[in-house]
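See structure below.
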Amino acid sequence: MKAVRLHETAGPASLRVDDVPRPEPGPGQVVVDIACAAFNRRDVYITQGLYPNIELPRTLGSDGAGAVAAIGEGVTSIAVGTPVVIDPQIGWTEGGFHTGRGASILGMPLDGTFAEAVVVPAENCYQRPAALSDAEAAALPLAGLTAYRAVFTRGRITKDDVVLITGVGGGVQTFALLYARHAGARTIVTSRSDEKLERAKSLGAGVAINARTSAAWHKEVRAASDGGPTLVIDSTGGDVLAKCLEVARPGARVVVYGGTLGDATIRPYSIFWKQLDVLGTSMGSPADFREMLALFETGLRPVVDRIYPLEACREAAERLLAAEQFGKVVLAIR
Ligand SMILES: NC(=O)c1ccc[n+]([C@@H]2O[C@H](COP(=O)([O-])OP(=O)(O)OC[C@H]3O[C@@H](n4cnc5c(N)ncnc54)[C@H](OP(=O)(O)O)[C@@H]3O)[C@@H](O)[C@H]2O)c1
């Protein structure tokens, strides 16, 4: 079968479409024929070698949707032919927090979804939301889950919140915007691109601020929010996170799930004087995944930026590297 494998860590150009043996399901596992997969920033980081314990060659991809093609010994929870979406996190058993022990993820260190088929534990397969296309379903797993936990489980959003979402063009952040709107909260978004801000407004963003052209974007956030946002969702990190802490309203929750710009120098004063709750989050539990999928049974649809054929995997990765996308970049596998 065809699979997009990484052979060296020199960026997206290191991706190759290879012919590899089709996987077989072991006990408790299923093989899913992938219809569509989707990119996350982590796939691009991995092509650049910016990830621990990289083993080569490896099939990349954490996100995928398709149909169950074969089931292993002892699997009774799911039948061949079921349309599914895959939770890429292996080994986060039920429970509030991930210990990291015994855990793994598709697309490094495990072979991932950028292939015609992938083998996964049966419990990682969930019935695909009926209203979604394969491309939309493939857009959900890692980003939809991370945003779900950030906004709902950790962020505890209510309709009375004023939510700041930084770098709104990102895969996770577009989900955060969808969820915040779904919860009925007011939203303020930033991006370095006017085009992305327009897209965000069309999804219901209340205030849209260009963080490239306005050095004092955080002051605009404060002015637009009667004294600062009550909930911040950030993965940009660096100086952006520092400004988020500066602008957050007293008592606000600041949820952090990434650091695209790297480390931040922050003012402890902002945190203690305003009594902020700074909340870390990463991906999500099986319960978060189920609740996230349920949202997409209610009419919500993920934002798909572009769909590339498998053979154009390098161009797709380059689009993320250049941060040109708004929403999820999808690979059509079959
Ligand atoms: N902890 C977890 O479980 C988890 C899960 C998923 C992602 N993450 C992390 O969260 C971050 C976003 O992930 P993603 O998959 O949503 O990524 P993505 O689709 O590539 O989005 C990244 C966004 O960051 C913003 N950004 C601001 N300054 C940037 C810069 N100088 N260079 C590049 N982007 C910049 C961009 O927003 P604008 O273009 O709109 O300005 C961009 O859309 C990454 O750091 C990723 O590693 C963590």
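The values are calculated or read from the model by the stated rules, or taken from the named source; none is laboratory data. Quick caveat, the model's predicted, so the values are computed rather than measured. A quick note on method: Cβ atoms are made from the backbone with ideal geometry, for glycine too, and the neighbour counts reach across all protein chains shown. For accessibility, only protein heavy atoms count, side chains too; no ligands or nucleic acids. Shrake-Rupley method; radii C 1.70, N 1.55, O 1.52, S 1.80 Å.
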Checklist outcome for this item: The lone condition Arg181 fails out of (1) buried (at least 19 other Cβ atoms within 10 Å of the Cβ); (2) more than 14 Å from the ligand (Cβ to nearest atom); (3) under 20 Å from the mean Cα position of the chain (by Cα) is (1)
Next on the checklist: Pull out all pairs, ordered by first then second residue, where Cβ-Cβ is under 8 Å, the residues are six or more apart or on different chains, the first lies in the stretch 114-136 and is closer than 19 Å to Met292 by Cβ and open to solvent by 40 Å² or more (accessible area, probe 1.4 Å), and the second is among the acidic types (Asp, Glu) and assigned to a loop (DSSP other than H, G, I, E, B).
Outcome noted: Ala130/Glu297; Ala131/Glu297
Next on the checklist: Tell me yes or no: at least one residue of the stretch 62-74 is within 16 Å of the ligand (Cβ to nearest atom), in contact with a Leu (Cβ under 8 Å, 6 or more places away or on another chain), open to solvent by less than 40 Å² (accessible area, probe 1.4 Å) and part of a strand (DSSP E or B).
Outcome noted: yes
Checklist entry - Do you know which of the residues in the stretch 287-320 that are β-branched (Val, Ile, Thr) and assigned to a strand (DSSP E or B) is least open to solvent (accessible area, probe 1.4 Å)? => result Val304
Checklist entry - For the stretch 149-169, which residues satisfy the criterion of being within 16 Å of the ligand (Cβ to nearest atom) and either in contact with a His (Cβ under 7 Å, 6 or more places away or on another chain) or open to solvent by less than 20 Å² (accessible area, probe 1.4 Å) (or both)? => result Arg149, Ala150, Val151, Gly155, Val163, Leu164, Ile165, Thr166, Val168, Gly169
Next on the checklist: Yes or no: the stretch 37-45 includes at least one residue that is among the hydrophobic types (A, V, I, L, M, F, W, C) and more than 16 Å from the ligand (Cβ to nearest atom).
Outcome noted: no
